[in-house]
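Only one structure is covered here, and it is reproduced in the block below.
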Amino acid sequence: MSWGTELWDQFDNLEKHTQWGIEVLEKYIKFVKERAEIEINYAKQLRNLSKKYQTKKNSKEEEESKYTSCKAFQTTLNEMNDYAGQHEVVSENMTSMIMAELTRFVQELKQERKSNFHEGRKAQQHMETCWKQLESSKRRFERDCKEAERAQQYFERMDADINVTKADVEKARQQAQIRHQMADDSKGDYSSVLQKFNHEQQEHYHTHIPSIFQKLQDMEEKRIVRLGDSLKTYADIDRQVVPIIGKCLDGITKSADSINGKQDSQTVIESFKSGFEPPGDVDFEDFTQSIKRTVSDTSLTNSRADGKSELKISGKSRGKLWPFIKKNKLSLKLGATPEDFSNLPPEQRRKKLQQKVDELNKDIQKEIDQRDALTKMKDVYMKNPQMGDPASVAQRLIEISNNIEKLRVEVQKFEGWLAEVEGRLPARNDNSRRQSALYETQNATTPVSNCAQDRESPDGSYTEDQSQETEVKVTPTEFDDDFDDEEPLPTIGTCKALYPFDGENEGTISVAEGEVLSVIEEDKGDGWTRIRRNEEEEGYVPTSYIEVYLDKNTKGAKTYI
């Protein structure tokens, strides 16, 4: 079955069909191009999505990434990034293995098709020329035959007419002979041209056109096969990345299986535990011993006194029973974090100090490695002066040595703070002994010490240096020195008493629950705030016993303690 024999007369239809075939191939190339663009855009969007939710350095998220659930999520983001990479591979392979190859193939097809149809048109034009020659020879032969017949008829009329001279008859005879000869010549030429045309026509329809149409058929079949191969390649490109995509999905599944709720709960404990022991029972404070009862005291007075005592005890108890109220925000806003992390609970402070020591040790190791490398370079320069000047390295070595010394001093400083904190942390199985010692200390101190101890409960704060706190509590001269100022301090805000405070020690001032007073000096970090009442009476109260409202022109915002 061949186009040359079956479609010998369908030259125009074959021309249209082959053009349509090339257009189909070009449409497929366009389809692959758009698919590749979709894949690359999808990969880009996946990468941007993964980057958007990646943990940012030096942020709270980096601290949270230690939990197994967060690690699993980060693994998922990483796997999705690799997943996006496979879509980029699909796009690249489709562009190089299908689009580029088919584009070149289409150009070759167009050239081949153009050449074959040009050859076919040339053969058709040759046949048309031969046909015109045949028609011309045929018409000439026909015309000469008619002229010879007319000349023969004229000669016969002249020969039969007795009135015509013999010379005229001879002339007519010669003319008839000439026309007959011309007719014979035209017949021979026509026969020759006809024979040649038949031969050319035979060659045209049985040799030239079949050969050209066979080339077109081969070209079309090659196009069809190539399209089929490209479709297989299209599928194989996707199939090749399926195992890797499967591994990405397996990685996500594995990360999900690695989530451990118990481990995360333990991580929460290690992240937030303060190292303090829970507060013990609140001691009963008996105020009835100082009351001198008289005969005139009424039950109403007694009930009021009892109510007042009960209210005061309730205030004290309230401070003891709620150790987890918000920390002292004012003290945190007054400045940056101390270098020794003394603003943190003991356990958290220990972790921060240990982290700082590890970072410094890493920095020291980096400097040492750099020093060793420069030392080797200096030795090479000394042995081979043409490679460099040893003096250029010496200055850098001095700088590195100084840096190492500074870092080691820093390490010693932080290690000292770390040893101090570790020495203060209580043993895990020594809770009762610590609590007992705590309350022995409470009972042995002065009323001011009791107030300071109460200061720890309402806001859950603490004092790292107990000796410093005691010194503040029991040294009244410091308060006396503050009140020796000739000019009164300006008011920087107001405060409201959350709990009653007796203020029995020198330098302190008593306040009632709910009382509003003026703030003239902020908490300096020792847990005491200086306040004023009625422009005359001044003194210190525990910061945790009051709620402070600073003026906007002083601190710019309302602050709760």
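The values are calculated or read from the model by the stated rules, or taken from the named source; none is laboratory data. This is a predicted model, so every value here is computed, not measured. Cβ atoms come from the backbone with ideal geometry, glycine included; neighbour counts cover every protein chain shown. Areas reflect the complete protein model, heavy atoms only, side chains present, ligands, DNA and RNA absent. Shrake-Rupley method; radii C 1.70, N 1.55, O 1.52, S 1.80 Å.
Here are the numbers for this structure:
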| read-out | value |
| --- | --- |
| Relative contact order for the range 85-229, counting Cα pairs under 8 Å that sit 6 or more residues apart, in percent | 35 percent |
| Ratio of the Cα radius of gyration of the range 59-174 to 2.2 N^0.38 Å, where N counts its residues | 3.45 |
| Computed accessible area, C70, all protein chains, 1.4 angstrom probe, square angstrom | 40 Å² |
| Extension gain, T165 back to E339 (0.36 nm per residue minus Cα-Cα distance, nm) | 47.2 nm |
| Area accessible to solvent at V282, 1.4 Å probe radius, in Å² | 50 Å² |
| Heavy atoms of L498: accessible area, 1.4 Å probe, square angstrom to 10 | 50 Å² |
| Computed over the range 126-245, the ratio Rg/Rh where both radii use C-alpha atoms and Rh is Kirkwood | 1.65 |
| Candidate residues I252, I162: accessible-area rank, largest first, probe 1.4 Å | I162, I252 |
| When the range 16-94 is reduced to its Cα atoms, the Kirkwood hydrodynamic radius in Å | 15.1 Å |
| Gain upon complete extension [M382, S192; 0.36 nm per residue less C-alpha separation] | 57.9 nm |
| Per DSSP, loop trypsin sites (Lys or Arg not before Pro) in the range 27-102 with at most 11 further Cβ within 10 Å | K56, K57 |
| Sequence of R530, R140 from largest to smallest accessible area, 1.4 Å probe | R140, R530 |
| Positive-pole candidate from Q263, T165, A176, dipole of the range 163-279, charges at beta carbon | T165 |
| FRET efficiency for E536 and F272, using Cβ-Cβ distance with R0 set to 41 Å, rounded to 0.05 | 0.35 |
| Cα-based Rg of the range 181-294 normalised by 2.2 N^0.38 Å, two decimals | 3.86 |
| H206, H87, ranked by accessible area, largest first (probe 1.4 Å) | H206, H87 |
| Percentage relative contact order, the range 4-89, counting C-alpha pairs under 8 Å, at least six apart | 36 percent |
